[in-house]
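For reference, the structure is listed below as structure tokens.
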Amino acid sequence: NFMLTQPHSVSESPGKTVIISCTRSSGSIDSNYVQWYQQRPGSSPTTVIYEDDQRPSGVPDRFSGSIDSSSNSASLTISGLKTEDAADYYCQSYDSSIPSVVFGGGTKLTVL
Amino acid sequence: QVQLVESGGRVVQPGESLRLSCAGSGFTFSNYPLHWVRQAPGKGLEWVAVISSDGTNKYYTLSAKGRFSISRDNSKNTLYMELNRLTVDDTATYYCAKEGWGEGGYDLWGQGTMVTVSS
């Protein structure tokens, strides 16, 4: 099985762009889809990206996802940051060998 | 209204058992695999278990195997999880989640139910 590693925290100013990485420890990042979830304090998670780079309806196009095979990682990019984007973000993928679902440790985004 | 609503969480002592429920509405419940995901206070998300749409296939995280049991009643649009031999490490908010996009991609989460294991 594998792990997904995210930075513990990132911070950026309103209007700027932030990129949150998610590195897979073993196996290819493109073996299984990656999802990204946003969780605001006191709330349940919601999906911002599914299947690597797809946005659910209602999610602004400021949110985008990508996969980089060379670094074996996925990335969530949030452009034109707003204070409301401040939240914890989790990447998630699937371990076909077990099978099981794997979450990254989460990244706390601060917008100030 | 498309939603999942969990219930059953409470304070229990170590070694006790508990059954959580998750009622779905607004979608064809029997078409989708369903998962339990938990989150300890101040910690990240941890996948716990999954059950296939017809209930025949079930998989668990290592810490849950042999202690937790996931089940569903599609006639009642309800997902369950039986938690046995609880320890303080099981203290968490337990979410049910609907797999809308395959490979654990969740398109719907419940509001969560809190389980506290304490002596």
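The values are calculated or read from the model by the stated rules, or taken from the named source; none is laboratory data. If you're wondering where the values come from, they're calculated on a predicted model, not measured in any experiment. Cβ coordinates were reconstructed from backbone atoms using ideal geometry, including for glycine residues, and neighbour counts include every protein chain displayed. In case anyone asks, the SASA skips ligands and DNA or RNA and just uses the protein heavy atoms, side chains included. Shrake-Rupley method; radii C 1.70, N 1.55, O 1.52, S 1.80 Å.
For the subset of the range A:21-39 comprising residues that are over 16 Å from A:L76 (Cβ atoms) and within 12 Å of chain B (Cβ to nearest Cβ), which member is surrounded by the fewest Cβ atoms within 10 Å (Cβ to Cβ)?
Top of the filtered list is A:S31.
Among strands (runs of 3 or more DSSP E) lying entirely in the range B:70-119, which contain 2 or more residues that are over 27 Å from A:Q38 (Cβ atoms)?
Once the strands (runs of 3 or more DSSP E) in the range B:70-119 are filtered for at least 2 residues that are over 27 Å from A:Q38 (Cβ atoms), what remains is B:78-83.
So that you can scan it fast, the table gives a plain yes or no per residue for (1) within 29 Å of A:D88 (Cα to Cα); (2) acidic (D, E); (3) surrounded by fewer than 13 Cβ atoms within 10 Å (Cβ to Cβ); (4) at the interface with chain A (Cβ under 9 Å from one of its Cβ atoms):
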| position | (1), (2), (3), (4) |
| --- | --- |
| B:V50 | yes, no, no, yes |
| B:S53 | no, no, no, no |
| B:S63 | yes, no, no, no |
| B:L79 | yes, no, no, no |
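Conditions: (1) of a type in the set (A, V, I, L, M, F, W, C); (2) more than 14 Å from chain A (Cβ to nearest Cβ); (3) open to solvent by 40 Å² or more (accessible area, probe 1.4 Å). B:V115 meets all but one. Number of the miss?
(3)
Pairs only if they're at least six apart or on different chains, beta carbon under 6 angstrom, first in the range A:56-68 and hydrophobic (A, V, I, L, M, F, W, C), second at pLDDT 95 or above; list them, first residue then second.
If the second residue must be at pLDDT 95 or above, the pairs left are A:V59/A:V48; A:F63/A:V48; A:F63/A:I78; A:I67/A:I29; A:I67/A:D52; A:I67/A:A74.
Checking B:L34 against (1) open to solvent by 40 Å² or more (accessible area, probe 1.4 Å); (2) within 14 Å of another protein chain (Cβ to nearest Cβ): exactly one of these is not met. Which one?
Result: B:L34 fails condition (1) only.
Going by what's in this entry, would A:S57 be described as at pLDDT below 95, assigned to a loop (DSSP other than H, G, I, E, B), within 11 Å of chain B (Cβ to nearest Cβ) and open to solvent by 50 Å² or more (accessible area, probe 1.4 Å)?
Considered against the rule, which asks whether it is at pLDDT below 95, assigned to a loop (DSSP other than H, G, I, E, B), within 11 Å of chain B (Cβ to nearest Cβ) and open to solvent by 50 Å² or more (accessible area, probe 1.4 Å), A:S57 comes out as yes.
For A:S44, indicate whether it is within 11 Å of chain B (Cβ to nearest Cβ), within 29 Å of B:P41 (Cβ to Cβ) and either among the small types (G, A, S) or out of contact with any Gly (no Cβ under 9 Å at 6 or more places or on another chain) (or both).
Yes.
Could you please let me know if A:S75 is away from chain B (no Cβ under 14 Å), touching a Ser or Thr at 6+ places or on another chain (Cβ under 6 Å) and either open to solvent by less than 30 Å² (accessible area, probe 1.4 Å) or without any contact (Cβ under 8 Å) to a residue 12 or more places away in the chain (or both)?
So A:S75 fits the description; yes.
Give all pairs with beta carbons closer than 7 Å in which a residue from the range A:15-30 that is within 20 Å of A:V111 (Cβ to Cβ) meets a residue that is open to solvent by 50 Å² or more (accessible area, probe 1.4 Å); count only pairs at least 6 apart in sequence or on separate chains.
A:V18/A:E12
When residues of the range B:19-42 are filtered for being touching a residue at least 12 places away in the same chain (Cβ under 8 Å) and assigned to a loop (DSSP other than H, G, I, E, B), how many remain?
Looking only at that region, the number is 6.
Just need a number here: residues in the range A:1-20 that are at the interface with chain B (Cβ under 10 Å from one of its Cβ atoms) and open to solvent by less than 70 Å² (accessible area, probe 1.4 Å).
Here the count works out to 1.
Enumerate the strands (runs of 3 or more DSSP E) found wholly within the range A:70-112, keeping only those where 2 or more residues are aromatic (F, W, Y).
Of the strands (runs of 3 or more DSSP E) lying wholly inside the range A:70-112, those with at least 2 residues that are aromatic (F, W, Y) span A:87-95.
Quickly run through the range A:89-112 and pick out the residues that are within 12 Å of chain B (Cβ to nearest Cβ) and more than 29 Å from B:K58 (Cα to Cα).
Scanning the range A:89-112 gives A:T107, A:K108.
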